[in-house]
1. Provide the net charge surrounding D229, with neighbours chosen by a C-beta distance below 13 Å and charges set as Lys +1, Arg +1, Asp -1, Glu -1.
2. Enter the Cα centre distance for the pair region 211-285 and region 522-597, rounded to the nearest angstrom.
3. In whole angstrom, how far apart do the alpha carbon centroids of region 391-422 and region 458-497 sit?
4. Please report, in debye to the nearest 20, how large the charge dipole of the chain is about its Cα centre when each Lys and Arg carries +1 at its beta carbon and each Asp and Glu carries -1 there.
5. Sort all Cα-Cα distances of the chain into consecutive 20 angstrom bins from zero, then give the percent of pairs in each bin up to the one containing the longest distance.
6. When we measure straight from the Cα of K454, which lysines land under 17 angstrom away, once same-chain ones fewer than 8 places off are left out?
7. Kyte-Doolittle mean at least 1.0 and Cα extent at least 20 Å along the axis: which DSSP H helices of the chain qualify?
8. How much of D81 can a 1.4 Å solvent probe reach, expressed as accessible area in Å² and rounded to 10?
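The values are calculated or read from the model by the stated rules, or taken from the named source; none is laboratory data. Owing to the predicted nature of the structure, the values given are computational and were not obtained by experimental measurement. Positions of Cβ are generated from backbone atoms using ideal geometry, with glycine treated the same way; all protein chains shown enter the neighbour counts. What goes into the accessible areas is simple: the full protein's heavy atoms, side chains included, and nothing from ligands, DNA or RNA. Shrake-Rupley method; radii C 1.70, N 1.55, O 1.52, S 1.80 Å.
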Amino acid sequence: MRPSRFLPALIALAACVAGGLMTTTPAQDSSPRPSGSAQFQTLALESYMQRSFNYCNRMVDSNGQPYFNIFWTEPAEAAHDWPDFGDVTARQYQGVVMARHMTGVPLPIEAVWRRNILGDIDPASGLLTRPETSYSHHVADPGDQALTLYALVTAYADAPDPELRKIILRMTESMLARASSGTGGGFLDGFKIKSLMAAARVLGDESALKLAGMQAHKVFGDDPLFTPDNKFKQGGHMHGNLRTLVGSADYALYVGDPVLFSRVDAIYRYVRSQGTRFGFLPESIGRQGDIVGTETCALMDYIGLAATLANHGHPEYWGDVERVVRNQLIENQAHNLTWLKDGSGQPDTAQFSRRDIAGRMEGGWAGWSSPTHFLAACETLGHHWGGPELHNKTRVFQNCCGGSGMHALFIAWKNAARFENGTLSVNLHIDKLMPQAEIRGYQPFKGLLTIQLKQACAVRVRVPDFVEPKDVRIELNGVKVAAKVFGNYLELGPRAQGDLLRIAYPLPIVTEEVEIGNPGFHRYRYRVTWKGDTVVRMEPMGPKYSTGYSEYDKQQVRVFYGTDGPGALYQREAFVKDCEPELSPLHMDDGTLDFWAGLEKRTGGVPAGH
């Protein structure tokens, strides 16, 4: 076991740091203020990232170790589990590094998680190895290596360090040696590719690039994860498969493999067909039961893949990113968890904590949401997961999603607007502060985007999917101007420092009916009301199911796809009316920690063996 190195005073300091950040409530709050209260604000993703700080700082034990499981018991309880070490800690360490760039706020827990991760790396093998505990075995899991590697590369990109570089290179050498000996298999082969490509691009790591090519060849050729017609195999895990696709897109761009890139794009289009426009994605394809839920980890990779494809020839996917971020991603962040009962009178044990679980989980992220509730069903996942102390309990959070929700916000924030080769490209109609411009998006309160230029540059703005270019009104310093339309962008030409651009457009309210569910099992129908890119109303349509069959539990369980259930989502009736929102506080994106720049760096074609 690790020595205790996380002092209670540090926890208190971290809570104070987070507590002083949120002085106002963002516009997309799932519990909008009633008429007559304080103004709504424009959508700034920094605000949602700051909400995660409470969860990061407080949902840890005295050693700084996070809890993977949060159970809906009475009282609610947090439980340590084997993913705590290489999975949850790595994701959350990466998340707080990204959060520091996004908000300007360093969290004390960042240094603790870094020490814990480095302390779990075996000097002999160079791999992260879980300690032997009552809930974990002394193993070097391939999934742990993938997530730890990506986190360490993120830390190195943030602050290059020779010792950290040695650790990363040693890890990828060991991963390559393992793969060359035949160790591995399944979706984890593809799961590694994103992390390996990050190491290859940031550190010039040839072992990482070689292994990325081997794994891409395997999952698209020798041992395919996907069908010949570019679909998931039955039971395909959304997060695992999407992470494979994100990494494969990076690899294809880096080595110049247009065939692989086209294949990834085709599978992305299949994934789009399996979800809804507002971002409900099934956690697994084709479950043999009535339960279907959305995992925040999958939303992270869906947004990441869409952003990579959109930056490289498919700008039509920016609309997907905008809708998912404004809707299911934001709704998946935990708030008002009063339905989780408190057990503060019970002391923590080595594995369990029951102190103020609802308060400590504020700002965390959903693992199995439905379109109307934070939790889709009361599944216990049967007896195939963990020891007997974890059985027969409804798991309301799986905290792999904690760091993933933060990561998803960072992807959207970095790509909302980009400045390259003298041109400012506004891809999403959300707030963004850059050295070149201050950008403000007024949806869902007004159909308006403003750009205040801080330096001279060319400007281009994506036209929202629901708008015809002819209906857009553009003003430059108060004077109406015309723009050329190229694809789904307005080309506004070279503009001077100090210029103010106002892009106004209609914000229609429309409805659609959608259906989710596994083929051959319960289907759940909804009437969805949109105002521009924002869902303002989610109405279940019959039939009303109170239970559904879980193939994991082998029985009927309570389900929450209607009006009743824990943590109601899309409580946005106040968004229907137009108003004048206040401007959200922003943090400058200084252009660093950019994993989307230079993806096409390497030339010379595909390495031998791919």
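1. Working: positive: K231, K233, R263, R269; negative: none.
Overall, the nearby charge balance is +4.
2. One Cα centre to the other: 25 Å.
3. Here the two parts' Cα centres lie 30 Å apart.
4. Numbers: 61 positive and 66 negative charges, 145 e Å.
With only Lys, Arg, Asp and Glu charged at Cβ, the dipole is about 700 debye.
5. With 20 Å bins starting at 0, P(r) equals 20, 56, 23, 1.
6. Cross-link targets: K432.
7. Numbers: long enough: 45-58 (21 Å, -1.16); 88-103 (21 Å, -0.14); 142-158 (24 Å, 0.37); 162-180 (27 Å, -0.03); 238-255 (25 Å, 0.32); 258-274 (24 Å, -0.05); 296-311 (22 Å, 1.09); 400-416 (24 Å, 0.58).
Helices meeting the criterion: 296-311.
8. Near enough 0 Å² of accessible area.
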